[in-house]
6 protein chains.
Amino acid sequence: MANWIIELAYGEVLSRDKLDLKTRQIATVAVLTAMGTAPLQLKAHIGGALNVGCTQEEIVEVIVQMAVYAGFPAALNGISAAKEVFQNREES
Amino acid sequence: MANWIIELAYGEVLSRDKLDLKTRQIATVAVLTAMGTAPLQLKAHIGGALNVGCTQEEIVEVIVQMAVYAGFPAALNGISAAKEVFQNREES
Amino acid sequence: MANWIIELAYGEVLSRDKLDLKTRQIATVAVLTAMGTAPLQLKAHIGGALNVGCTQEEIVEVIVQMAVYAGFPAALNGISAAKEVFQNREES
Amino acid sequence: MANWIIELAYGEVLSRDKLDLKTRQIATVAVLTAMGTAPLQLKAHIGGALNVGCTQEEIVEVIVQMAVYAGFPAALNGISAAKEVFQNREES
Amino acid sequence: MANWIIELAYGEVLSRDKLDLKTRQIATVAVLTAMGTAPLQLKAHIGGALNVGCTQEEIVEVIVQMAVYAGFPAALNGISAAKEVFQNREES
Amino acid sequence: MANWIIELAYGEVLSRDKLDLKTRQIATVAVLTAMGTAPLQLKAHIGGALNVGCTQEEIVEVIVQMAVYAGFPAALNGISAAKEVFQNREES
């Protein structure tokens, strides 16, 4: 079931090639930071953003930008999530 | 008062140069589409995205991507907003 | 573009037969009332609920129930939407 | 139906006397600004805040404060709503 | 205090007999999945849905349906919650 | 980075003297309860409200009031947060 959902989401929408992968991941990090209801998916996409070549600085910057649109608590929680992902990468 | 808010938001956060302007506008279009509570600001930022060089196709694409993260009604409303902005540009 | 979205949503997810159509429409009216960000889609689905055999009383009741989970303003806006749909049906 | 909802909300919860009326209205203006999904109720409660003795400056101030917690678009929409209510009062 | 809230919610609204209990629970599971801000209450209502006769398949299906209206992260989190509730039932 | 955010939020907006500190904290507890996406910040501001002289009863009351505007799950989660903060204070 969960597999089916992931296939639908990633297969049908995200594989479309009209936006480069870095921009897609940045947009996803932005929206998951702003919504604040899916912290596990946010961390997964912060990792995904690193995987497609975004720098830590770019990721932090888009999260900070969310303070403007969704408030400072959302941005602060996003930064905590990013720090956790960055530290896990460095340790492994 | 409103001026003060806009200055704060745009002066302190958005003028930081760690993300290029196109990526910033794409992230903003993404989050305002997903939140769905500020249609006027969404239209303003779709216009802003065009102004800094995003294509109509890229803007539509990030809005469609929001269907995955915030649901289809949010994406459909975002597409309506984009169509309206695109048509106003062509007419003027 | 919009057609593609609608096909994906309705073709892949909503055509699955594990829930009867009335229950699906009631769940959709519930969630769109609670979210409060897509009033046009809410009205469309209130109409859809009537089309698959829900009574006006059942629709109003699930909207009222949303007061418990999403607050009274969301429920009151949902009731306004329902009244508008019911009146349009009676007039036509 | 709508009457029943309003009675429940105002009769059971808001008549409790553990918070003064000004603070209650300020809290309501705050939350409706932040949620951004019930503009009519926001305007009604801005009027209600004026009725129980809040100044225009206090109302604008709590709306501006929401920029911190729910983002600038929410605060800007709240300020537009407040301006509209203030102007209607002055004209009547 | 909490007791008073629960009495109000369940005594005044949910005991009304205009919707059958299964439909009420399905609507509640739908909205709590979509909102994503009350995971404990979501699990309680998934249990409640089982108690009034909903099948596991029906519950999963309404949660999957929420992907359409509130996005895939909300639906995936809902499915995790459901799995946890189903496993606890089987073990006890 | 996080420091910069906190300075911006607290230095530019919250230090303005047009609302007394108790009312500001009550409004913040209200909105964080209603949004439900930043439980750590909610607890910090419940503590902040106590620090500037709000009583436990006032804090609980504004949280209960949020049931009207944002639903009972949000209010119940807010009450859990408040209980936790109150107990930690008594123990220390």
Hz values of 3J(HN,Hα) by residue in the range E:56-65 - Karplus curve (6.51, -1.76, 1.60), Gly and Pro given as x = 4, 5, 5, 5, 4, 5, 5, 5, 4, 4
Chains D and F: accessible area buried, summed over both chains, 1.4 Å probe, nearest 100 Å², reads 2500
Residue-by-residue Karplus 3J(HN,Hα) for the range B:26-31, coefficients 6.51, -1.76, 1.60, Hz, glycine and proline x = 4, 5, 5, 4, 4, 6
Please give the solvent-accessible surface of C:SER92 in Å², to the nearest 10, using a probe radius of 1.4 Å with every protein chain present.
-> 120
Measuring from label point to label point, each 7 Å out along Cα→Cβ, what is the B:ASP20 to D:ARG89 span in nm?
-> 4.9
May I ask you to give the solvent-accessible area per residue for the range B:20-91, in square angstrom, as obtained with a 1.4 angstrom probe?
-> 35
Heavy-atom accessible area, 1.4 Å probe, ligands and nucleic acids excluded: residues of the range A:68-82 down by at least 10 Å² from chain alone | A:VAL68, A:TYR69, A:ALA70, A:GLY71, A:PHE72, A:PRO73, A:LEU76, A:ASN77, A:ILE79
Quick one: with all protein chains in place, what share of the accessible area of the range A:10-92 is carbon or sulfur, to the nearest percent (1.4 Å probe)?
-> 51
Taking Cα centroids, how far is the range B:63-78 from the range D:30-92 in Å?
-> 28
What lysines sit close enough to A:LYS18 to cross-link, taking a C-alpha to C-alpha distance under 28 Å and skipping anything fewer than 8 places away on the same chain?
-> A:LYS43, B:LYS18, B:LYS22, B:LYS43, B:LYS83
Spherically averaged projected area in nm², based on the convex hull that wraps the Cα atoms of the range F:11-92 = 5.5
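The values are calculated or read from the model by the stated rules, or taken from the named source; none is laboratory data. If you're wondering where the values come from, they're calculated on a predicted model, not measured in any experiment. When we count neighbours, we look across all protein chains shown, and the Cβ atoms used for this are built from the backbone with ideal geometry, even at glycine. Accessible surface areas use protein heavy atoms only, side chains included; no ligands, DNA or RNA. Shrake-Rupley method; radii C 1.70, N 1.55, O 1.52, S 1.80 Å.
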